[in-house]
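Please read the structure below before turning to the comments.
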Amino acid sequence: MPKKSLGQNFLIDKNIIKKIINLSNIQNRHVIEIGPGNGELTDEIIKNKPKSITLIEKDFDLTKRLKKKYSENQNLIIFNDDILKFNLEKIIKKESMIIGNLPYNISSQILVKIIKFKKWPPNFFDLIFMFQKELGEKIIGLYQTPNYSRISILANSRLKVIKKFFVSPNCFRPIPKITSMVIHFKPKSTLLSIKNILKLEEITKIFFSNKRKMINKNIKKLLTQKQIKSLNQLNLKSRPSELKPEMYYKIAKLYEKIQ
């Protein structure tokens with residue numbers, strides 16, 4: 001039985017599973033799957049002959065079942081772990097791909113965890129995740145659109161969107177009340193001049209926690225008067241959604257200097 005507390009909705013539609021797998025070439029690659037559930041996606045990954053598969057599953061009962069199901073597969077490792085506490089970056093081999101039908105309740109946290117990897121460009125070069133549609137649209141939301149958000153600024157700083165498509169609730173068991181969205185990302189190889197991505201996370205959190213308010217009070221808490229003046233294109237009466245991503249990168253860079 002799927003557990004509501006773990007945000008479990010198992011993907012069962014074979015056509016959608018194949019569509020996800022066909023987004024990238026799996027053959028001879030290291031694949032990490034987050035939240036494999038019953039192994040529907042895993043079965044299709046195996047058919048595509050990867051070099052190795054690593055599964056990370058929080059549910060103990062499912063992990064037990066998966067270990068039994070794949071006991072004869074020498075190239076498959078299973079971790080019974082909470083992905084948010086797990087050192088994912090440590091286990092990623094060169095030229096890996098990360099894939100997952102993520103639990104809805106922690107999907108944004110999983111994405112942010114990956115964006116915050118210490119090594120960048122990272123060892124993976126494909127990231128394929130399924131999100132709740134509303135969240136997916138926020139992640140890829142462009143500047144001057146209603147979906148432009150804190151998470152889109154963070155995602156855009158390190159990832160580029162290759163492809164996306166929607167998935168009907170009927171493709172899952174139990175059937176969720178919402179539509180899902182698959183997004184295929186690749187890491188950007190050109191690095192921003194921000195040394196510490198955590199600073200960008202921090203300042204976007206501060207600004208977007210009061211997204212209807214003008215930025216003047218919050219920016220004075222973060223930067224010196226001199227630094228604010230150096231941002232000559234910045235209008236202090238702007239609201240957080242009115243600042244371009246590039247402006248957030250500049251603010252984060254200045255913020256780093258006084259930390």
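Each reported figure results from applying straightforward, stated rules to the coordinates on display, with no laboratory input. Every value quoted in this text rests on a predicted model; they were computed, and no experiment measured them. Here Cβ is always computed from backbone atoms with ideal geometry, including for glycine, and neighbour counts include all displayed protein chains.
Please quote Rg/Rh for region 81-183 to two decimal places, taking the Kirkwood radius as Rh and restricting both calculations to Cα atoms.
Dividing the radius of gyration by the Kirkwood radius yields 0.96.
With springs only between Cα atoms under 10 Å, which of Leu66, Leu84, Leu127 fluctuates most in a Gaussian network model of the chain?
Of Leu66, Leu84, Leu127, the Gaussian network model singles out Leu84 as fluctuating most.
Can you give the angle from 0 to 90° between the axis of helix 197-208 and the longest principal axis of the chain, with both taken from C-alpha atoms, to the nearest 10?
70
Expressed in nm to one decimal, what extension gain is obtained for the pair Gln144 and Lys177 from 0.36 nm per residue of sequence separation less their Cα-Cα distance?
Value of the extension gain: 9.0 nm.
Tell me the angle of helix 245-257 to the major Cα principal axis of the chain, expressed in degrees between 0 and 90 and rounded to the nearest ten.
80
Can you tell me the 0 to 90 degree angle between the C-alpha axis of helix 60-69 and the longest principal axis of the chain, rounded to 10?
Here the helix axis deviates by roughly 50 degrees.
Under a point spin-label approximation (7 Å from Cα along Cα-to-Cβ), what is the Trp120-Asn87 distance to one decimal in nm?
With each label placed 7 Å out from Cα toward Cβ, I get 2.1 nm.
Suppose every Lys and Arg Cβ carries +1 and every Asp and Glu Cβ carries -1, with no other charges. What dipole size does region 72-219 come out with about its Cα centre, to the nearest 20 debye?
Dipole size: approximately 640 debye.
So if I place +1 on the C-beta of Lys and Arg and -1 on the C-beta of Asp and Glu, and nothing else carries charge, what would the dipole magnitude of region 197-257 be about its Cα centre? I want it in debye, nearest 20.
280
For Ile178, Ile46, Ile99, what ranking results if the residue with the fewest other Cβ atoms within 10 Å of its Cβ goes first?
Ile178, Ile46, Ile99
What percent of all Cα-Cα pairs in region 4-187 falls in each 10 Å bin, counting up from 0?
Reading upward from the zero bin: 9, 40, 39, 11, 1, 0.
Which loop trypsin sites (Lys or Arg not before Pro) in region 109-167, with loop taken from DSSP, have no more than 10 other Cβ atoms within 10 angstrom of their Cβ?
Lys118, Lys119
Taking 7 Å along the Cα-to-C-beta vector as the label spot, tell me the Leu231-Asn105 distance in nanometres, rounded to one decimal.
Each label point lies 7 Å from its Cα, and together they span 3.6 nm.
Which of the chymotrypsin sites (Phe, Trp or Tyr not before Pro) found in region 71-171 are loop residues per DSSP with 16 or fewer other Cβ atoms within 10 Å of their Cβ?
Phe86, Tyr143
Given labels modelled 7 Å from the Cα in the Cβ direction, how far is it in nm from Leu191 to Glu95?
Result for the modelled spin labels: 2.3 nm.
Using a Förster radius of 51 Å, what is the FRET efficiency between Ser238 and Gln74 based on their Cβ-Cβ separation? Nearest 0.05, please.
0.35
Can you tell me the FRET efficiency between Lys160 and Lys67 if r is taken as the Cβ-Cβ distance and R0 is 45 Å, rounded to the nearest 0.05?
FRET efficiency, Lys160 to Lys67: 0.80.
Report, largest value first, the span of the C-alpha coordinates of region 197-257 along each principal axis, in whole Å.
If we take the Cα atoms of region 197-257, the spans are 27, 24, 20 Å.
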